[in-house]
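Every read-out reported here was derived from the displayed coordinates using simple, explicitly stated rules and does not represent laboratory data. Here the structure is a predicted model, which is why all the values come from computation and not from measurement. Here the Cβ positions follow ideal geometry from the backbone for every residue, glycine too, while neighbour counts run over all protein chains shown.
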Amino acid sequence: MYKTLSSGAIGIRGLSLSESIDLAKATGFAGLDFSIQGAAELGAGAAQALFEDAGIKYGAWGLPVRWNTDDWRADLAELPRYVAVAAEMGATRTSTWCPPSSTEREFDENFAWHLERFRAIAEVLNAQGIRFGIEFIGPQSLRPADRHSFIYTMEGMLELAAAIGTGNVGLLLDAWHLYTSGGALDDLDKISKSDIVNVHVNDAPEGLTMAEYNDHDRRLPCETGVIPLAGFMGKLAALGYDGPVTPEPFSARINAIEDPHEAATETAASMDELWRVAGLD
C-alpha cells in the first residue's frame, strides 16, 4: 500500500499535473490521484515521464464520463481516447461513485439503469486492461424516507460489480462509507484484494449518531479516532492489498488553508500517523 495525494480532496484547485506531482513529492506522498484529461493534454509519454522523474506512483484517475447525465453517451464515445492514454502510461485504475438513493427510480429499475451505463463503461476500460472501482455511499442522511433507497453497502456494490460481468469492476473502498453504512471491519474478511481497485481513508466528527453524519463533513485520518482505521488498514494488509490509499477528509478546516503545501503537509502527517498506528512503517 502507498500513501496517495488527491489535491481536490483537500480543497486544492487549479494545479497542473506537473504542479500536483511536485506537491505530492514535496510533502511525502508516494502516489497521486490525477486527471486523465490533464495527462492526455500533455500526451502519454510526457505525462508518464513526469511521474517517473519524480518517483511518484499512479493512484487512480477520475472517470471522465458523466454517466449520471443525459450526456453520458457523448462522453462514452470519447472514453477510448483517454483509456488509450492511460494504458500507454500504465495507469490501470479509475473510479467513480454511485448514489445511494433516487428520487425517480425504485430499486430494480435503478439497478438496471446503472447496470447499462456502468457495463458500457467497463467494457471500454476492460479492452485496455483498466480496472474500474465503484464507491458505495454510506450515510443515512443521503437515504431520506422520501427517496427510493439504492445500493449503499459493500455487499450491494459487489453484487452490482458481479452483474456487470466484465471482470474488471471492483470497489473504491472508503473507510468512511464502510463505517456510515453500518458495516464492520469483519466484513473485509469476506472479500479478496482483487475486489478492491483503490482505497480512501478519513475519520468522522465526534459525538454524532449515524443519522447525523454529513457526507461532506469528515476529518483527517486519525484526527478523532471515531473510525477504527488501524483495524481497517490491518485488514487491507492481511488481504495483501498493495494499491493506493488516499485521504479524503472533506474538511472545512483543511480546505480553508490557502497554502497548498501547508494543507498537503498536514494531510501527509495524518497519513504517517495512520501508518504508525496500523503498524505499517
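Considered as a group, the residues in region 124-170 that are small (Gly, Ala, Ser) and part of a strand (DSSP E or B) include one that is nearest to ASP187 (Cα to Cα), and that residue is GLY170.
Of the listed requirements (1) surrounded by fewer than 17 Cβ atoms within 10 Å (Cβ to Cβ); (2) in contact (Cβ under 8 Å) with a residue 40 or more places away in the chain, LEU208 misses just one: (2). Residue by residue through region 37-67, note down the ones that are outside any helix (DSSP H, G or I) and either aliphatic (A, V, I, L, M) or in contact with a Cys (Cβ under 9 Å, 6 or more places away or on another chain) (or both). Within region 37-67, ILE56, ALA60, LEU63, VAL65 meet the criteria.
In this structure, THR224 does satisfy being in contact with a Pro (Cβ under 9 Å, 6 or more places away or on another chain), β-branched (Val, Ile, Thr) and surrounded by fewer than 18 Cβ atoms within 10 Å (Cβ to Cβ). Across region 55-74, the qualifying residues are those that are in contact with a Leu (Cβ under 9 Å, 6 or more places away or on another chain) and not hydroxyl-bearing (Ser, Thr, Tyr), and the one among them that is surrounded by the most Cβ atoms within 10 Å (Cβ to Cβ) is ALA60.
If I filter region 79-89 for residues that are at negative phi and not in a helix (DSSP H, G or I), do I get at least one hit?
no
Close contacts from region 230-254, counting a first residue that is at positive phi and surrounded by fewer than 17 Cβ atoms within 10 Å (Cβ to Cβ) and a second that is in a helix (DSSP H, G or I) and of a type outside the set (A, V, I, L, M, F, W, C), with Cβ to Cβ under 6 Å and a gap of 6+ residues or different chains, come to GLY240/LYS193. Look through region 255-269, keep the residues that are within 19 Å of ILE56 (Cα to Cα) and within 19 Å of the chain's Cα centre (by Cα), and return whichever of them is surrounded by the fewest Cβ atoms within 10 Å (Cβ to Cβ). Going through the qualifying residues, I end up with ALA268.
Checking each residue in region 116-153 for being in contact with a helix residue (DSSP H, G or I) (Cβ under 8 Å, 6 or more places away or on another chain), aliphatic (A, V, I, L, M) and either surrounded by fewer than 19 Cβ atoms within 10 Å (Cβ to Cβ) or farther than 18 Å from SER102 by Cα (or both) picks out ALA120, ILE121, ALA122, VAL124, LEU125, ALA127, ILE130.
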